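**Q** I am attaching a structure below and will ask some questions about it afterwards.
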Amino acid sequence: MEQIEVDVVKSLKAIEELKVNLLQAQWLFQHGTVSGAESEMIQGLADLIALSYLVNKRLGFDFSRLDRTLIKRLEEWRAEDMAGLESQWGDISLLYSYLAPED
């Protein structure tokens, strides 16, 4: 019983650290956009994606569940034409095709 409690505490601590890292990654991306630093923008975005997967795993979800949810969200955003990204540039369809290519 004691080991389970220790594991839960460790997991909660890891989740809290990952949440802080998500905020830092968001800050890095924002800083990069303001300063025009391409490397900061890309690093911040990469960190946000990787950290999202890690938080997802610590919360007990499979990576594939996050993938499926992402694909579903892209379908919804494409139908809504979120921020005009689809009608103006086709960005959502491009991302959807990249993540879920039709063989």
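**Q** Looking at (1) small (G, A, S); (2) at pLDDT 95 or above; (3) under 22 Å from K19 (Cα atoms), which is the only condition A79 fails?
**A** Checking A79 against (1) small (G, A, S); (2) at pLDDT 95 or above; (3) under 22 Å from K19 (Cα atoms), the one that fails is (3).
**Q** Look through D47, D91 and report the one residue that is surrounded by 14 or more Cβ atoms within 10 Å (Cβ to Cβ) and touching a residue at least 24 places away in the same chain (Cβ under 8 Å).
**A** The unique qualifying residue is D47.
**Q** A further question follows. Please work out which one of (1) over 24 Å from A100 (Cα atoms); (2) among the small types (G, A, S); (3) at pLDDT below 95 is the condition G60 fails and give its number.
**A** (1)
**Q** On the given criteria, is D67 within 30 Å of I15 (Cβ to Cβ), surrounded by 14 or more Cβ atoms within 10 Å (Cβ to Cβ) and of a type in the set (D, E, K, R)?
**A** So D67 passes the test.
The values are calculated or read from the model by the stated rules, or taken from the named source; none is laboratory data. The model shown is predicted, which means the values in this text are computed figures rather than measured ones. Positions of Cβ are generated from backbone atoms using ideal geometry, with glycine treated the same way; all protein chains shown enter the neighbour counts.
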